[in-house]
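Each value in this text was obtained by applying a stated rule to the coordinates, not by laboratory testing. Owing to the predicted nature of the structure, the values given are computational and were not obtained by experimental measurement. In this analysis, Cβ positions are derived from the backbone assuming ideal geometry, glycine residues included, and neighbour counts consider all displayed protein chains.
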Amino acid sequence: MAENAEADRCRQTAALLRAAIDRGGDVAVLTGAGVSAESGVPTFRGVAIGASGHSTGRPRHEALWSEYDPMHLASIEGFRADPVAVTRWYAWRRSLVRNTDPNAGHHALVEIEAIVTSAGGRFTLLTQNVDRLHHRAGSGSHGGRVVELHGNIHIWRSLSAGNEFAGAELDELLADDKGFPPRDPTDGSVLRPCVVWFGETLPSDAFEAAAEASSSCAVFIAAGTSAVVYPAAGLVTAASQNGSATVEINADVTPASGLVDITLRGASGIVLPELARQIKQQRPR
Ligand code: OAD
């Protein structure tokens with residue numbers, strides 16, 4: 001019974017996406033850590049749900065903020081107090097996400113982007129993830145846009161001049177943790193990851209693009225986000241107030257669940273591919 005109801009909601013969502021796409025409507029998708037859970041990247045809150053749809057289906061990770069203090073690891077005050085521990089933690093996460101691959105949910109979003117843009121609509125992927133797995137899956141390569149709301153863990157910058165380091169140069173700077181925190185070779189100032197920490201503002205161009213896409217799209221999907229961290233969580237409200245059809249895809253109940261028109265309860269690595277499949281099946285008449 002519950003499974004049938006879930007399947008009905010999925011068909012209903014595919015039908016409303018298909019209808020919006022056929023009218024050339026825009027689609028915006030907000031993603032959070034849950035979308036990367038099936039790639040083996042731990043979430044910050046809740047429990048990571050693996051590809052089988054069960055928390056036991058994949059190596060299970062405790063949510064990061066149940067093990068670590070976010071104010072220690074994700075604030076400038078925490079960084080200034082203990083730069084070595086904070087650097088070590090981000091160097092570990094950078095290495096973890098580099099050694100994993102995009103999952104079926106990431107790939108399905110690329111398929112949905114291609115369907116939307118080929119029908120003349122705009123597709124905007126608003127991600128709170130800093131892991132770049134959407135880019136690696138190919139998001140943004142079919143005429144859509146990827147907006148990184150919380151930065152990118154693969155770029156680090158110096159605290160004083162803001163000089164940026166990435167790739168092999170950054171590998172070298174992060175190679176020896178006895179030399180932590182790494183420093184800008186030109187001015188000696190400490191490096192930090194280019195991610196947005198608590199108390200910091202989001203890059204203004206990214207947030208403006210996100211607000212615009214959320215308040216003008218025909219369909220808005222929030223996938224794998226706990227919807228508790230603002231201002232990103234407020235995008236769900238913006239979309240709903242704009243009159244967009246709103247959908248949540250999440251393994252668990254969140255504050256967004258009561259706001260959206262349709263909730264699809266499950267793992268994004270299962271639900272998103274199924275949605276993409278059904279949108280393609282319901283071809284335009
Ligand atoms: P969270 O870790 O807060 O939430 C992840 C959500 O994904 C939870 O609601 C889980 O129930 C859900 N989930 C877990 N596995 C899933 C799966 N396979 N499929 C679908 N849903 C699943 O992640 P965010 O909402 O992204 O900030 O967190 C927002 C921000 O808080 C992050 O960007 C990070 C953090 O502090 C920064 O790093 C700046």
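Using the Cα gyration tensor of segment 220-285, with a ≥ b ≥ c the square roots of its eigenvalues, what is the shape: rounded (a/c below 1.5), prolate (a/b larger than b/c) or oblate (neither)?
Taking the square roots of the gyration eigenvalues as a ≥ b ≥ c, segment 220-285 is oblate.
Would you work out the relative contact order for the chain, in percent, from Cα pairs under 8 angstrom that are 6 or more residues apart?
Rounded, it is 25 percent for the chain.
Could you give the length gained by full extension between Glu6 and Gln281, i.e. 0.36 nm per residue of separation minus their alpha carbon distance, to one decimal place?
97.2 nm
Per residue of segment 151-164, in order, report the coupling 6.51 cos²θ - 1.76 cosθ + 1.60 (Karplus, θ = phi - 60°) as ³J(HN,Hα) in whole Hz, putting x for Gly and Pro.
Taking θ as phi minus 60°, the curve returns x, 8, 6, 8, 10, 10, 9, 7, 5, 7, 8, x, 5, 9 Hz for segment 151-164.
Looking only at the chain, where both bridge partners belong to it, what percent of the DSSP beta bridges are antiparallel (to the nearest 5)?
For the chain, the DSSP antiparallel bridge percentage is about 25.
What ranking do 10-17, 198-205, 63-70 get when scored by the average of other Cβ atoms within 10 Å per residue, highest first? Numbers along the way, then the final one.
Numbers: 10-17: 18.8, 198-205: 12.0, 63-70: 14.2.
Answer by packing, highest mean first, reads 10-17, 63-70, 198-205.
Please build a GNM for the chain, connecting alpha carbons under 10 Å apart, and tell me which residue among Asn152, Asn242, Asn99 fluctuates the most.
Asn99
Measure off 7 Å from each Cα along the Cα-to-Cβ vector at Thr201 and Val253, then give the distance between these two points in nanometres to one decimal.
3.7 nm
Return the percentage of antiparallel bridges among DSSP beta bridges fully within segment 176-275, rounded to the nearest 5 %.
In segment 176-275, approximately 10 percent of DSSP beta bridges are antiparallel ones.
Mind giving me the nanometre distance, one decimal, between the label points for Asp176 and Ala161, set 7 Å out from Cα along Cα→Cβ?
2.2 nm
Rounded if a/c is under 1.5, else prolate if a/b beats b/c, else oblate: with a ≥ b ≥ c from the C-alpha gyration tensor eigenvalues square-rooted, which is the chain?
Prolate is the answer for the chain, as a/c is 1.5 or above and a/b outweighs b/c.
Mean Kyte-Doolittle of at least 0.5 plus a Cα span of 20 Å or more along the axis: flag which DSSP H helices in the chain meet both, please. Please list the in-between numbers first.
Numbers: long enough: 2-22 (30 Å, -0.38); 83-98 (22 Å, -0.26); 104-118 (21 Å, 0.75).
Taking the DSSP H segments of the chain (at least 20 Å long, mean hydropathy at least 0.5), we get 104-118.
Sorted by mean Cβ packing within 10 Å, highest first, what order do the peptides 35-46, 82-93 take?
35-46, 82-93
For Asp101 and Ser141, calculate 0.36 nm times their separation in residues minus their Cα-Cα distance, and state this gained length in nm to one decimal.
Length gained between Asp101 and Ser141: 12.7 nm.
Explain nothing, just the number: dipole magnitude of the chain about its Cα centre with +1 on each Lys and Arg Cβ and -1 on each Asp and Glu Cβ, in debye rounded to the nearest 20.
Numbers: 25 positive and 32 negative charges, 153 e Å.
Here the size comes out at about 740 debye.
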